[in-house]
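The values are calculated or read from the model by the stated rules, or taken from the named source; none is laboratory data. Everything numeric in this text was worked out from a predicted model, so none of it was measured. Cβ placement follows ideal geometry from the backbone for every residue including glycine, while neighbour counts extend to all protein chains displayed.
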Amino acid sequence: MYSEKVMDHFSNPRNVGELENPSGTGTVGNAKCGDIMKMDIQVENGVIVDVKFKTFGCGAAIATSSMATEMVKGKRVAEALQLTNKAVAEALDGLPPVKMHCSMLAEQAIHAAVEDYIKKHPEEAAGLELTQAE
């Protein structure tokens, strides 16, 4: 049912925890399924230098959170806004259709953290080209 990558990121999640003074934080949840994700990002010179997550939810929610953090770490803020749930699912070698909402939550949590960063640090974000993927 789940790929080896999903099982690996569930059993050995990367970047778990919270940042002490994050540049941005995003928390999203889905009351229907009970999954809640919190992402913290640390941004320096427009680059996400660290990212941590805490997820309450199923194995797929944990795996997608872990993969999403790996995909944006070291990337420019504008690149993080291009992250899509499809890209997260593909990086995990796919998800069962019933679990695709988990990859959507991971995308939304990253975007929410970046949007929080932009709101808290408009002077730093002013020169960045910021457009979200459609």
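A quick yes/no check of all residues on (1) farther than 15 Å from Gly26 by Cβ; (2) out of contact with any Gly (no Cβ under 9 Å at 6 or more places or on another chain); (3) in a helix (DSSP H, G or I); (4) among the aromatic types (Phe, Trp, Tyr):
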| residue | (1), (2), (3), (4) |
| --- | --- |
| Glu79 | yes, yes, yes, no |
| Val88 | no, yes, yes, no |
| Asp93 | yes, yes, no, no |
| Leu105 | no, no, yes, no |
| Gln108 | no, no, yes, no |
| His111 | no, no, yes, no |
Find all pairs meeting these conditions: Cβ atoms under 9 angstrom apart; at least six residues apart or on different chains; first residue within segment 1-23 and under 18 Å from Ala112 (Cβ atoms); second residue modelled with pLDDT of 95 or more and assigned to a loop (DSSP other than H, G, I, E, B). Asn15/Lys73
Odd one out for Cys58, checked against (1) free of Cβ contacts under 8 Å to residues at least 60 places away in the same chain; (2) of a type in the set (A, V, I, L, M, F, W, C); (3) over 19 Å from Tyr2 (Cα atoms): (3)
Of all residues in segment 37-62, how many are farther than 20 Å from Ser23 by Cα, in contact with a strand residue (DSSP E or B) (Cβ under 9 Å, 6 or more places away or on another chain) and of a type outside the set (Phe, Trp, Tyr)? 5
For segment 48-58, the count of residues that are surrounded by fewer than 16 Cβ atoms within 10 Å (Cβ to Cβ) and among the aliphatic types (A, V, I, L, M) equals 1
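I need the full set of residues from segment 28-46 which are over 26 Å from His101 (Cβ atoms) and either at pLDDT 95 or above or part of a loop (DSSP other than H, G, I, E, B) (or both), in order please.
Let us first name the residues in segment 28-46 that are over 26 Å from His101 (Cβ atoms), namely 42-46.
Within segment 28-46, Gln42, Val43, Asn45, Gly46 qualify.
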Which condition from (1) part of a helix (DSSP H, G or I); (2) touching an Asp or Glu at 6+ places or on another chain (Cβ under 9 Å); (3) of a type in the set (Ser, Thr, Tyr) is the one that Thr25 breaks? (1)
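Just to be sure before I move on: is Val49 free of Cβ contacts under 8 Å to residues at least 60 places away in the same chain, part of a strand (DSSP E or B), closer than 22 Å to Ala91 by Cα and among the aliphatic types (A, V, I, L, M) in the structure I sent? Walk me through how you get there before you give the answer.
On the way: free of Cβ contacts under 8 Å to residues at least 60 places away in the same chain: yes; part of a strand (DSSP E or B): yes; closer than 22 Å to Ala91 by Cα: yes; among the aliphatic types (A, V, I, L, M): yes.
For Val49, the condition - free of Cβ contacts under 8 Å to residues at least 60 places away in the same chain, part of a strand (DSSP E or B), closer than 22 Å to Ala91 by Cα and among the aliphatic types (A, V, I, L, M) - is met.
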With the structure loaded, tell me whether Ala78 is surrounded by fewer than 16 Cβ atoms within 10 Å (Cβ to Cβ), touching a Leu at 6+ places or on another chain (Cβ under 8 Å), within 18 Å of Asp116 (Cα to Cα) and not β-branched (Val, Ile, Thr) or whether it fails that test. yes
Just checking, how many residues over segment 6-46 are surrounded by 15 or more Cβ atoms within 10 Å (Cβ to Cβ) and either more than 15 Å from Lys120 (Cα to Cα) or not β-branched (Val, Ile, Thr) (or both)? 25
Of the residues that make up segment 57-67, is at least one at pLDDT 95 or above, of a type outside the set (Asp, Glu) and more than 19 Å from Lys99 (Cβ to Cβ)? no
When Thr69 is evaluated against the numbered criteria (1) assigned to a helix (DSSP H, G or I); (2) in contact with a Ser or Thr (Cβ under 8 Å, 6 or more places away or on another chain), which criterion, by number, is the only one it fails? (2)
